[in-house]
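What follows is one structure encoded as C-alpha cells, with my remarks underneath.
The values are calculated or read from the model by the stated rules, or taken from the named source; none is laboratory data. This is a predicted model, so every value here is computed, not measured. When we count neighbours, we look across all protein chains shown, and the Cβ atoms used for this are built from the backbone with ideal geometry, even at glycine.
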Amino acid sequence: MKALARIAYLLFLAILLQACYTTGKLVRIADDFAAKGNYDEAATYYYNALLKKPRNSHAQLGLRSNGQLVLNEKFATFSRLVLEQKIEEAMKQYDYAAKLAANTERVGVKLSWAYEYDEVYEDIKQEYLETLFNDALIFMNNKKYDLAEKQFERMAYYDSAYSGLSVLRLHTVLEPLYEKGIKQMAAARYEDAFRTFSRLCEIDDGFKDVKQRREEASAKATTKVGLLPVQNLTRYTGIEAGFDQILAQRIKPGSSFLHIMSADVLKPVLEKRGFTSLKTDTTVWQAAKSISLRYALYMEIIYFTDTSGQTQKEERTAYEAVTENVPNPYTGMYTYISKFKKITYLDSKEYRKVACRIRFRLLDLQSSRLLVEEILDLEKSDTRHAYVYNGKVNNLYEHLPKDNQMPPPDQEWRERFYKSSRVLLTSADLAKELQAEAAAIVIKKIAPWLK
C-alpha cells in the first residue's frame with residue numbers, strides 16, 4: 001500500500017534526521033521547503049525539529065501552519081475521492097490525515113480537525129468493509145482461500161475488530177459479524193442488523209441464534225403504514241371504495257422495510273375492535289393506535305357532485321360559400337366567383353361533470369404528531385358538441401377567408417354537423433379519473449415519510 005510505504009519512509013527519515021541534523025538545521029530546511037510551497041516536507045522537518053527540542057517555538061509555529069495546510073489538503077482530496085467513488089483511495093487519505101494529526105499532537109502541536117468528515121468516513125468504511133467481506137465469502141465458496149485471507153487482512157487494517165479472521169477457523173469469520181449485528185441492534189440500527197444477520201444465515205444459519213436475531217431485526221426495522229378506510233360524508237354511496245382501492249394500488253413503499261396495510265385489511269380488524277365509523281379526530285387516533293401503526297393515512301370525502309347529461313343550446317355564426325356566374329363587362333365572357341353569406345347554426349353542447357372536496361391527513365402515531373393535512377378541490381368533466389344547420393354543410397366555413405384566398409376546409413369542425421360518434425364519458429369514468437388525480441396528489445405529499 002502506498003500509504004504504508006509513505007509512513008515507513010517518514011519513520012526512516014525521522015531516524016535519519018535525528019542522527020544527522022541539529023535542531024537549527026532542521027528548522028532552516030523546513031523554512032526553505034515552506035517558502036517553496038512544499039508544505040508536506042516542511043511539516044516533516046518541523047516535526048523532527050520538535051522531536052529534538054520540543055519547546056522550539058519557531059518549529060511549533062511552522063508545524064502548526066504547514067501541518068494544517070497539509071491536513072486541509074488531505075480532507076479536500078478525501079472529499080473529492082468520495083464523490084468520485086474511489087473509496088479505498090479516499091480512506092487512505094483520511095487515514096494519513098488521522099496519523100498526521102496524532103503525530104503533531106505528540107510533539108505539542110494540535111491541528112484543527114474537520115469533524116464533519118468523520119461521519120462520512122465511518123459510512124464509507126462500513127460499506128468498504130462489507131464489500132471486502134462479501135468478496136472474501138465469494139472467494140471462500142470458490143475455494144480461493146488465499147485471496148479470501150488477503151481480504152481479511154485488508155479489513156483488519158481498517159478495523160481491529162476483524163483481526164484474527166481466518167478461513168481455517170470459520171468461527172473467527174462469523175463471530176465478529178455476529179457481534180456487529182448485536183451492536184447494531186443495541187444502537188437501534190435495525191435495518192443494518194437485519195442485513196448483518198441475513199448474511200450470517202447465508203453462511204451458517206445454525207450459528208448461535210442468528211435466525212431468531214434476523215426475525216427480531218426485521219420486525220423492529222419494519223414500519224407499518226395504515227391506509228384507514230376512506231370516510232364518505234356525502235349522500236353518494238360507494239364512492240369511498242374507489243378511493244380505497246386506488247390508494248392501495250398506487251402507494252409503493254420506498255423501502256423493503258415499509259409495510260403498507262390497505263383499507264381492505266384494516267377495516268375488519270377495526271370493526272372487531274369497535275371502530276365501525278371514524279367520524280371524529282379522537283376516534284381516528286384511537287383506531288390507528290389500536291393496530292400499532294407508525295403512520296396512518298386518513299381521508300374524508302366532504303362533498304361529491306355529479307352533473308350528468310346536461311345539454312346547452314346556443315346559436316353561433318358561420319359563413320356559407322355561394323358560387324355565382326358573373327359576366328365580364330369587357331369581354332362578355334362569364335366567370336364563376338365565390339361569395340360568402342353569414343348564417344347561424346345551432347351548437348348543441350352536452351356535458352357531464354363530477355367534483356369533490358377531500359381532506360386527507362397523515363398521522364405519526366409514535367410521536368402523536370399530525371404530519372400533513374390538506375384539503376383538495378377537484379373536478380373532472382367531458383363535453384361533446386353537435387352542430388345543426390339546415391343547409392349545405394360542405395360549403396360552410398367557421399371564419400371569413402383572408403386576402404381573397406379560399407381557406408382549406410376545416411374537416412374536424414365540419415364533422416360536428418354530422419353528430420360525432422364519440423360517446424360522452426360516464427360519471428363512473430370521470431370519477432375514476434378524479435380518484436386517480438387525488439391519489440397522485442396525496443401520494444406525492446406523503447412520499448417523504450414513505451422512504
Filtering region 278-294 down to residues that are surrounded by 12 or more Cβ atoms within 10 Å (Cβ to Cβ) and either modelled with pLDDT of 90 or more or of a type outside the set (Asp, Glu) (or both) yields LEU278, THR283, VAL284, TRP285, GLN286, ALA287, ALA288, LYS289, SER290, ILE291, LEU293, ARG294
Subset of region 339-371, residues charged (D, E, K, R) and exposed (fewer than 14 other Cβ atoms within 10 Å of the Cβ), comes to LYS339, LYS341, LYS342, ARG369
Pairing a residue in region 28-47 that is on the phi < 0 side of the Ramachandran plot with any residue that is among the polar types (S, T, N, Q) and modelled with pLDDT of 90 or more, where Cβ atoms lie under 6 Å and the two sit 6 or more apart in sequence or on different chains, gives ALA34/ASN66; TYR39/ASN66; ALA42/ASN66; ALA43/ASN66
Restricted to region 255-288 and to residues being assigned to a loop (DSSP other than H, G, I, E, B) and of a type in the set (A, V, I, L, M, F, W, C), the residue nearest to GLU240 (Cα to Cα) is LEU278
Can you say whether VAL70 is buried (at least 17 other Cβ atoms within 10 Å of the Cβ) and outside any helix (DSSP H, G or I), as far as the supplied structure shows? no
- Query: Would it be correct to say that GLU215 is surrounded by fewer than 17 Cβ atoms within 10 Å (Cβ to Cβ), in contact (Cβ under 8 Å) with a residue 12 or more places away in the chain, out of contact with any Phe, Trp or Tyr (no Cβ under 7 Å at 6 or more places or on another chain) and in a helix (DSSP H, G or I)?
  - Reply: no
Those residues of region 224-234 which are surrounded by 18 or more Cβ atoms within 10 Å (Cβ to Cβ) and under 24 Å from the mean Cα position of the chain (by Cα) amount to VAL225, GLY226, LEU227
With the first residue restricted to region 110-125 and required to be in contact (Cβ under 8 Å) with a residue 12 or more places away in the chain and closer than 19 Å to LEU69 by Cα, and the second required to be of a type in the set (Ser, Thr, Tyr) and surrounded by 11 or more Cβ atoms within 10 Å (Cβ to Cβ), Cβ contacts under 6 Å at 6 or more apart or on different chains are LEU111/THR104
Going through region 372-422 in order, the residues found to be of a type in the set (Asp, Glu), in contact (Cβ under 8 Å) with a residue 60 or more places away in the chain and part of a strand (DSSP E or B) are GLU374
Looking across region 193-206 at residues that are of a type outside the set (Gly, Ala, Ser) and surrounded by fewer than 19 Cβ atoms within 10 Å (Cβ to Cβ), the single one that is nearest to MET140 (Cα to Cα) is ILE203
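Conditions tested, residue by residue: (1) small (Gly, Ala, Ser); (2) modelled with pLDDT of 90 or more; (3) closer than 15 Å to TYR45 by Cα.
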residue	(1), (2), (3)
SER65	yes, yes, yes
ASN72	no, yes, no
ARG80	no, yes, no
GLU88	no, no, no
TYR96	no, yes, no
TRP113	no, yes, no
TYR121	no, no, no
Within region 81-108, of all residues that are without any contact (Cβ under 8 Å) to a residue 12 or more places away in the chain and within 29 Å of the chain's Cα centre (by Cα), the one surrounded by the most Cβ atoms within 10 Å (Cβ to Cβ) is GLU89
*asked:* Considering only region 354-365, I want to know if a residue exists there that is among the aromatic types (Phe, Trp, Tyr), over 54 Å from the mean Cα position of the chain (by Cα) and modelled with pLDDT of 90 or more.
replied: no
In region 218-232, anything in contact with a helix residue (DSSP H, G or I) (Cβ under 6 Å, 6 or more places away or on another chain) and either part of a loop (DSSP other than H, G, I, E, B) or within 11 Å of LYS267 (Cβ to Cβ) (or both) is listed as GLY226, LEU227, PRO229, VAL230
Checked GLN93, GLN85 against criteria (under 19 Å from ILE124 (Cα atoms) and not in a helix (DSSP H, G or I)); the one match is GLN85
>> Would you confirm whether or not region 235-255 contains a residue that is closer than 30 Å to ARG199 by Cβ, surrounded by fewer than 17 Cβ atoms within 10 Å (Cβ to Cβ) and hydroxyl-bearing (Ser, Thr, Tyr)?
In response: yes
Restricted to region 379-425 and to residues being surrounded by 12 or more Cβ atoms within 10 Å (Cβ to Cβ) and aromatic (Phe, Trp, Tyr), the residue nearest to GLN249 (Cα to Cα) is TRP413
Checked region 426-451 for anything surrounded by fewer than 18 Cβ atoms within 10 Å (Cβ to Cβ) and part of a loop (DSSP other than H, G, I, E, B); matches are THR426, LYS451
So, first residue under 20 Å from LYS99 (Cα atoms) and among the aromatic types (Phe, Trp, Tyr) in region 151-174, second residue part of a helix (DSSP H, G or I) and modelled with pLDDT of 70 or more, Cβ within less than 8 Å, six or more apart or across chains; the pairs are TYR158/MET91; TYR158/ASP95; TYR158/LYS125; TYR158/TYR128; TYR158/LEU129
Listed by first then second residue, the pairs whose first member lies in region 177-201 and is β-branched (Val, Ile, Thr), whose partner is at pLDDT 90 or above and surrounded by fewer than 20 Cβ atoms within 10 Å (Cβ to Cβ), with beta carbons under 8 Å and at least 6 positions apart or on separate chains, are THR196/GLN184
Selection from region 324-349 of residues over 29 Å from PHE417 (Cβ atoms) and out of contact with any Phe, Trp or Tyr (no Cβ under 9 Å at 6 or more places or on another chain) yields PRO329, TYR330, THR331, GLY332, MET333, TYR334, THR335
Screening LYS180, LYS144 for residues that are among the basic types (Lys, Arg), at pLDDT below 90 and buried (at least 18 other Cβ atoms within 10 Å of the Cβ) leaves only LYS180
